[in-house]
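S.K.: Right, I'll just put the structure down here and ask away after.
The values are calculated or read from the model by the stated rules, or taken from the named source; none is laboratory data. Given the structure is predicted, the values throughout are model-derived calculations rather than measurements. Methodologically, a virtual Cβ is constructed for each residue, glycine included, from the backbone with ideal geometry; neighbour enumeration extends over all protein chains shown. To get the accessible areas, we keep the full protein, side chains included, count just its heavy atoms, and leave off ligands, DNA and RNA. Shrake-Rupley method; radii C 1.70, N 1.55, O 1.52, S 1.80 Å.
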Amino acid sequence: MAPAGASLRAAVLCLLAWAGLAAADRVYIHPFHLLVYSESSCEQLEKSNAEAPKEPTFTLVPIQAKTTPVDEEALREQLVLATEGLEEEDRLRAAKVGMMLNFLGFHMYRMLSESWSTASGAAILSPTALFGTLASFYLGALDPTASRLQAFLGVPGEDQGCTSRLDGHKVLSALHTIQGLLVAQGGASGQPRLFLSTVVGLFTAPGLRLKEPFVRGLAPFAPITLERSLDLSTDPDLAAEKINAFVQAVTGWKMNSPLSGVGPGSTLLFNTYVRFQGKLKGFSLLEGLQEFWVDNTTAVPVPMLSGTGTFQHWSDAQNNISMTRVPLGRSACLLLVQPQCMSGLQQVETLSFQHNFLTWLKNLSPRAIRLTMPQLTLQGSYDLQDLLAQARLPTLLGAEANLGKISDDQLRVGKVLNSVLFELKADEGEEPTESAQQPDGPEALEVTLNSPFLFAIYEQDSTALHFLGRVANPLSAA
């Protein structure tokens with residue numbers, strides 16, 4: 001197996017090749033020109049750096065301080081508004097970032113999957129949350145950390161000029177567009193509304209001062225930022241309990257204590273919490289619990305959804321794979337990938353979530369299908385520090401990281417948690433849409449996901465994969 005660092009470099013080279021195809025045979029244009037600083041911006045930056053006063057800072061209120069509960073309806077409305085009046089450049093920028101976050105998501109998913117056993121019940125990763133978290137650190141970084149983060153995000157820029165440097169604000173703005181394009185699907189073509197809520201928790205040691213421009217700059221990625229201070233060092237486990245209780249009280253999300261310990265000597269924790277809520281139009285909840293086969297000898301009772309309609313489908317007997325596309329809106333969908341042999345999940349997982357995964361969509365064709373699958377409530381948490389260590393970059397956000405745009409104080413970043421709550425249910429209160437109506441003609445193909453499978457949430461306009469997951473046991477949290 002190739003080293004993790006080598007595989008990432010290969011992915012970046014492939015990403016650059018894709019991005020540069022349009023620039024062939026004409027005047028050179030930087031493949032990420034929509035995301036880097038323009039010449040005028042560089043001139044302004046140079047001027048402002050020479051003249052700007054010291055950036056304002058603030059200390060965080062204690063974790064005991066009360067705050068307003070998260071309003072997910074308002075968050076959705078903000079995202080929908082972000083997609084109104086988009087110009088062509090905004091859409092191109094979003095598609096570029098979508099491509100970048102997919103590559104990073106595939107790479108990190110493979111790393112996570114290496115730590116999962118064959119009996120792992122459920123696992124889920126959010127490439128948008130992962131990319132947004134690292135892009136946020138890029139926003140707060142100075143060289144050499146900024147250059148290393150930029151390369152890890154997929155755009156090599158070390159030893160190059162200002163016009164080859166990512167503009168962190170453009171990147172996070174494009175990410176905001178990507179999130180908006182997904183939830184704007186709700187209501188389109190009569191589809192149920194989708195909810196995607198992102199909350200960032202910044203937790204510091206008492207007295208540490210954060211820079212106001214950095215915290216304000218996170219708003220496109222996470223409109224709600226929870227900034228609190230608490231003692232992180234005396235009892236790390238107690239600190240983790242306080243953070244978990246605080247986040248659950250503010251969000252109301254039922255998540256299984258995602259944070260355990262905070263790491264010795266930490267002065268800053270950066271946690272990203274994401275909740276997705278989706279409903280499948282024309283599907284209904286089957287009466288009673290149904291069997292889901294965890295392996296050839298073990299079944300567990302789970303709630304199942306079922307719907308009949310014309311869906312895009314593809315089956316590849318040679319590679320033991322079938323894929324079904326379930327619409328969530330005009331350009332958003334749920335992709336279900338199932339091994340045709342129950343024991344082949346790991347093999348299919350290896351084939352599926354790679355840079356050419358989306359080319360499989362070209363193989364899909366309409367088919368009358370009766371689709372049955374589990375109702376899903378999945379949780380997943382992972383520490384980006386662990387993933388960076390697996391990528392052979394253990395010091396990227398370590399004690400020597402230059403995060404001078406976050407704080408003038410000496411920072412020691414502890415855990416960088418991404419926590420996901422993913423909910424997918426039937427929309428029984430609405431009539432089916434055209435794509436899910438009872439089809440005429442040939443008898444419907446039975447597609448039943450009652451054994452381990454993979455899934456993804458994809459939005460076509462931005463090319464972004466918002467979630468990648470596996471379900472080996474729907475009753476288990478990741």
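S.K.: Go through (1) within 19 Å of residue 467 (Cβ to Cβ); (2) open to solvent by less than 20 Å² (accessible area, probe 1.4 Å); (3) outside any helix (DSSP H, G or I) for residue 155 and report which single condition fails.
M.R.: (1)
S.K.: Additional query: Any idea how many residues of region 350-388 are open to solvent by 50 Å² or more (accessible area, probe 1.4 Å), part of a helix (DSSP H, G or I) and either out of contact with any Lys or Arg (no Cβ under 9 Å at 6 or more places or on another chain) or at pLDDT 90 or above (or both)?
M.R.: Count: 5.
S.K.: Pairs please, first residue from region 409-426 and within 17 Å of residue 129 (Cβ to Cβ), second anywhere and charged (D, E, K, R) and not in a loop (DSSP other than H, G, I, E, B), Cβ atoms under 7 Å, 6+ apart in sequence or on different chains.
M.R.: As it stands, the answer is 415/383; 416/383; 417/383; 421/275, since those pairs meet every condition given.
S.K.: Determine whether region 231-243 contains at least one residue that is touching a residue at least 60 places away in the same chain (Cβ under 8 Å) and of a type in the set (Asp, Glu). Explain how you work it out, then say what you get.
M.R.: Of region 231-243, the ones touching a residue at least 60 places away in the same chain (Cβ under 8 Å) are 232, 242-243.
Imposing the further condition that a residue be of a type in the set (Asp, Glu) reduces the set to none.
There is no residue in region 231-243 that is touching a residue at least 60 places away in the same chain (Cβ under 8 Å) and of a type in the set (Asp, Glu).
S.K.: Hey, residue 93 hits all of (1) in contact with a helix residue (DSSP H, G or I) (Cβ under 6 Å, 6 or more places away or on another chain); (2) modelled with pLDDT under 95; (3) assigned to a helix (DSSP H, G or I) but one; which does it fall short on?
M.R.: (2)
S.K.: Also: In region 100-124, what residues are hydrophobic (A, V, I, L, M, F, W, C), at pLDDT 90 or above and in contact with a strand residue (DSSP E or B) (Cβ under 9 Å, 6 or more places away or on another chain)?
M.R.: 101, 106, 108, 124
S.K.: Need pairs with beta-carbon distance below 8 Å; first residue open to solvent by less than 20 Å² (accessible area, probe 1.4 Å) and within region 104-116, second aromatic (Phe, Trp, Tyr) and in a helix (DSSP H, G or I); sequence gap 6+ or separate chains.
M.R.: 104/131; 104/152; 105/131; 106/357
S.K.: All but one of (1) over 18 Å from residue 469 (Cβ atoms); (2) assigned to a loop (DSSP other than H, G, I, E, B); (3) touching a strand residue (DSSP E or B) at 6+ places or on another chain (Cβ under 7 Å) hold for residue 258; state the number of the condition that does not hold.
M.R.: For residue 258, the failing item is (1).
S.K.: Within region 313-349, work out how many residues are at pLDDT 90 or above and open to solvent by 60 Å² or more (accessible area, probe 1.4 Å).
M.R.: 1
S.K.: Moving on. If you take the residues of region 178-222 that are of a type in the set (S, T, N, Q) and in contact with a helix residue (DSSP H, G or I) (Cβ under 9 Å, 6 or more places away or on another chain), which of them is nearest to residue 233 (Cα to Cα)?
M.R.: 198
S.K.: Could you pull out the residue among 256, 271 that is more than 30 Å from residue 168 (Cα to Cα) and either touching a Cys at 6+ places or on another chain (Cβ under 7 Å) or of a type outside the set (A, V, I, L, M) (or both)? Lay out the reasoning, then the answer.
M.R.: Details: 271 fails: more than 30 Å from residue 168 (Cα to Cα).
Among 256, 271, only 256 is more than 30 Å from residue 168 (Cα to Cα) and either touching a Cys at 6+ places or on another chain (Cβ under 7 Å) or of a type outside the set (A, V, I, L, M) (or both).
S.K.: As an exercise: evaluate residue 202 against (1) within 17 Å of the chain's Cα centre (by Cα); (2) in a strand (DSSP E or B) and give the number of the one condition it does not meet.
M.R.: For residue 202, the failing item is (1).
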